[in-house]
Every structure is written in C-alpha cells, then in structure tokens.
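Take a look at the structure set out below.
Quick note: the coordinates plus some simple rules give every number you see, no bench work behind them. What you see is a predicted model; the values in this text were computed from it and never measured. So basically every Cβ, Gly included, is an ideal-geometry build from the backbone, and we count neighbours across all protein chains shown.
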Amino acid sequence: MTRLSLAVIAALAAATAGCGNGSMSTPTVMPASPVASMPAPKPPPVGAVPVRATTTPAALLPSAPAVPASAAPDYDAKGRRDPFEEVATISGGSGLLVSTTKLTGIIHSGRSTLALVETPEGIGYIVKPGDTLGDGRLLEIGVDNVVFAVTPRAGSSSNRVVLRLAAN
C-alpha cells in the first residue's frame, strides 16, 4: 500500500476509536484499487507548451473565418415583416390596453363560456376567465358583458374595466 492510503486508514481508525459501544475494533483494510496500482503519469516531453487549466477546448480551436457582407444572403420580404428587424412597440411600450378593446360576442357552449374581444386594429381574441389580454386579466363573463382586472394607472380610480356587448 502507499503511504497516503496507510495515513488515511490510520486517521479513520483514530477518528472512529471513540465511536460505538465502548469496545475497540480494528479497521478493515480493503485491497488496493486498480487506480492505486496504476503507474504515475509520465512527465511532459521537453519543449512541450503547458496549457492552463482554465483554457477551454473551444479556445484551442481556430476561429471560423468571417463571412463577408457581400456573400451573406439577402432577405426577400415579399410584403412580410423582416424577422431580423426589431419590432416597434405601440405608443412607447404601453402595449394593448383593455380599455381600448370592444366586446364583439359571447359564446356559451356546454360547461365553458368564451368571450370574443376585438382591438382597434381589428385583431380578434377569444378569451376565457383567467386569460390575460394586454394590461388586464379576464375575471368573469356575464350574459352581455365581461369584467377585466387591469393594472392600476396613475389617475385611475378603479382597476376594473367592464366591456359590454353593443346592442344592434
């Protein structure tokens, strides 16, 4: 055995000597593991460049050449929004306001009730109680109205918005 494993066994024996029911027991010595019987690593060859332990394998690889701008493909929008451009937010980042939407319909089907809400831009949403729309969360759907809880705004006296169905 090596000196290190003998020192470890002696330290464990001394630490556990006071444990148990008062009788002294001798530690069981396990046979040497295959790792302990392996030869020591060879020293590096003369002239070898040492590598720091903090160097990652990716840092050792050569970097990929940069693609020139003229070789990059052009995006053909064909009337669609360019997905690589930043999206502009509505009115400085305020987003959709529940107070600007209108209730266009209520659907009662079996156990669930859904509300049809439309934005000023004409985009429709189907929501159920608990869903979030813009700055509010749908609390309840009535016979001809819906109630949203909205984030409080400065100067607002209520944090609820009620939308009613338009009578034809």
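So if each residue of separation counts as 0.36 nm, and I subtract the Cα-Cα distance between residue 151 and residue 164, what length gain in nm does that give? Working shown, then result.
Details: separation 13, 0.36 × 13 = 4.68 nm, distance 1.98 nm.
Full extension of this stretch gives 2.7 nm more.
Size of the dipole of region 93-164 about the Cα centre, Lys and Arg at +1 and Asp and Glu at -1 on the beta carbon, nothing else charged, in debye to 20?
On the way: 7 positive and 6 negative charges, 33 e Å.
I would put it at about 160 debye.
Any lysines with Cα under 20 Å of the residue 102 Cα? List them, leaving off those in the same chain fewer than 8 positions away.
Here the lysines satisfying the reach criterion relative to residue 102 are 128.
Could you give the C-alpha radius of gyration of region 127-168 expressed as a fraction of 2.2 N^0.38 Å, taking N as the number of residues it contains? Walk me through the numbers on the way to the answer.
Working: Rg = 11.0 Å, N = 42, 2.2 N^0.38 = 9.1 Å.
Against the empirical 2.2 N^0.38 Å value, I get 1.21 for region 127-168.
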